[in-house]
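To start, the structure itself, in structure tokens.
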There are 2 protein chains.
Amino acid sequence: MARRPVLEFWYEFASTYSYLAAMRIEDLAEEAGAEVRWRPFLLGPIFAAQGWTTSPFNLYPAKGRYMWRDLEREAARLGLPCLRPDPFPQNALSAARVALLGADRGWTPAFTRAVYAKEFGEGRSIAEATVVGEILSGLGLDAPAVLKESQSEGNKTRLKALGEEARSRGIFGAPTFFTEDGEMFWGNDRLDRALAWATGERAGHVSASGRGSA
Amino acid sequence: MARRPVLEFWYEFASTYSYLAAMRIEDLAEEAGAEVRWRPFLLGPIFAAQGWTTSPFNLYPAKGRYMWRDLEREAARLGLPCLRPDPFPQNALSAARVALLGADRGWTPAFTRAVYAKEFGEGRSIAEATVVGEILSGLGLDAPAVLKESQSEGNKTRLKALGEEARSRGIFGAPTFFTEDGEMFWGNDRLDRALAWATGERAGHVSASGRGSA
């Protein structure tokens, strides 16, 4: 059986549009014949480096008001619930550390969807390690052991390195998708095109060195 | 003949994604059975009010690099040329004043497309009144008379008032679309949904007062 093309899915647990992408990416990838690599990372350091101390949706109130209404419309269109957690954005450190740990063990997709379902489906906090532990238990995992391992120096360092990789590859928001040939797509609105590109359906494929991108 | 639903199209001549929307909105509106109200406005004062002295695509280089690549891909997909004018963003004051003047006279859509074709199709400057004049002449209009009228106090005041209306209605970027029931859609990516909403095809229509938008 031929190896399937890979799409990298970089997401942040506090990100509203990452929620929409996470809930549908596996079905869409399956249809397209692609494989998803889940990359949970923290956007906070990238925002901080450009002088933002919180979500741009809080810093720019008009944009924030629009985003919540757009999220509500888009979620309804996709058949997903949509509630706003308080505070927004949620501290996603515990969840990101745990999600990273599950990447090699196969449960990161299910864990990620469960976190988002609680956060933006039920509007509840996902910041506390106890909540993350409950989600792990709900998946039949050994919550205390996973939480402890997620807080190890090795795993903390790995999450920091992933954040550094995100920045160095030009990521400035979430969700962001990368195809194997290095093409980058930003936003839930680009998920379909990212999958099409990953699987070779490059309608209107243009050279990356074309003058238009200079 | 029944009155057709109206979609307001708020655009800024310096805006790259407004270019993509402007080049296709009339065909799409015709298909959907809607009427477009063209609203050329200046985004600069809105950006300035939130502390931005230039385009966010210049202020945030990673976002800017991505935008040019995404614009190139999207333009190719839509069969449109894509070249970057220097400098970016272009000063759009002359063009906006003229476009506003044509709104009641029927030539604003053609004028707008001609400006964008020069700016982002050919990568040329549209900042000078002489260039704007050439575009007007190309449309068979009396360029000196139109330019002179566009610089009248009455027209300048009207453009400022339109900018104030944009801000007060929550516009934070361009293109932005409004349906007659006040629903706002931001971005070229939302043009299809805005038209669907305007014409009553509200799949997943949710209440504006739902908790999710709080």
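From its DSSP helices (H runs of at least four residues, each -39,500 (n - 2.57)), chain A gives a residue-normalised ellipticity at 222 nm of -15000 deg cm²/dmol.
Sparsely packed loop sites in the stretch B:162-199 (the trypsin sites (Lys or Arg not before Pro) outside DSSP H, G, I, E and B with at most 14 other Cβ atoms within 10 Å) comprise B:ARG169. Taking square-rooted eigenvalues a ≥ b ≥ c of the alpha carbon gyration tensor, is the stretch A:94-177 rounded, prolate or oblate, where a/c under 1.5 means rounded and, failing that, a/b exceeding b/c means prolate? Taking the square roots of the gyration eigenvalues as a ≥ b ≥ c, the stretch A:94-177 is oblate. Using a cutoff of 8 angstrom between alpha carbon atoms and counting only pairs six or more residues apart, the relative contact order for chain B works out to 29 percent. For the stretch B:1-147, the solvent-accessible area with a 1.4 angstrom probe is 40 square angstrom per residue. Summary for B:GLN151: label point 7 Å along Cα→Cβ; distances to the equivalent points in the other copies, ascending, 6.9 nm.
Legend: mean number of C-beta atoms from other chains within 10 angstrom of residue C-beta atoms, peptide A:64-74, equals 6.
Ballpark to the nearest 100 Å², how much total accessible area do B and A bury together, probe 1.4 Å?
Summing both chains' loss of accessible area gives about 3700 Å².
Comment: the Cα-to-Cβ extended label point of B:GLY64, at 7 Å, lies 2.7 nm from its counterparts in the other copies, nearest first.
With respect to the axis relating copies B and A by rotation, the chain B residue whose beta carbon is closest, plus that distance in Å, is B:ASP189, 2. Using alpha carbons only, the radius of gyration of the stretch A:1-152 set against its Kirkwood radius gives Rg/Rh = 0.97.
For A:GLY200, inter-copy separations between label points set 7 Å beyond Cα along the Cβ vector come to 4.6 nm, shortest first.
Between the stretch B:83-142 and the stretch A:144-195, the alpha-carbon centres lie 41 Å apart. The share of accessible area on chain A that comes from carbon and sulfur is 52 percent, using a 1.4 angstrom probe. Applying both filters, DSSP loop and at most 13 other Cβ atoms within 10 Å, to the trypsin sites (Lys or Arg not before Pro) of the stretch B:69-153 gives B:ARG105.
Distance between the pseudo-spin-label points of B:SER137 and A:ALA110 (7 Å out from Cα toward the beta carbon): 7.2 nm. When both bridge partners sit in chain A, DSSP labels roughly 50% of those beta bridges antiparallel.
Residues of the stretch A:158-173 losing 50 Å² or more of accessible area relative to the isolated chain, 1.4 Å probe, heavy atoms only? So the qualifying set is A:PHE172.
I'd like the FRET efficiency for B:ARG158 and A:ASP192, computed as 1/(1 + (r/R0)^6) with the beta carbon distance as r and R0 of 41 Å, rounded to 0.05.
Result of the calculation: an efficiency of 0.50.
For the protein assembly as shown, treating each Cα as an identical point scatterer without solvent, what Debye log10 I(q)/I(0) comes out at q = 0.07, 0.09, 0.10, 0.13 1/Å? The Cα Debye sum returns log10 ratios of -0.38, -0.61, -0.75, -1.20. Here the gap between B:ASN91 and B:ALA48, fully extended at 0.36 nm per residue and compared with their Cα-Cα distance, gives a gain of 14.0 nm. Modelled spin-label separation between A:SER125 and B:GLU165, with each label point placed 7 Å from Cα along the Cα-to-Cβ direction: 4.6 nm.
Put a dot 7 Å past the Cα of A:ASP181, heading toward its Cβ, do the same for B:LYS148, and the two dots end up 5.6 nm apart. With contacts taken as Cα pairs under 8 Å and at least 6 residues apart, the stretch A:105-181 reaches a relative contact order of 16 percent.
The values are calculated or read from the model by the stated rules, or taken from the named source; none is laboratory data. Keep in mind the model is a prediction, meaning the values are calculated, not measured. Cβ atoms come from the backbone with ideal geometry, glycine included; neighbour counts cover every protein chain shown. Each accessible area value is taken on the protein alone, full model and side chains, heavy atoms only, with ligands, DNA and RNA left out. Shrake-Rupley method; radii C 1.70, N 1.55, O 1.52, S 1.80 Å.
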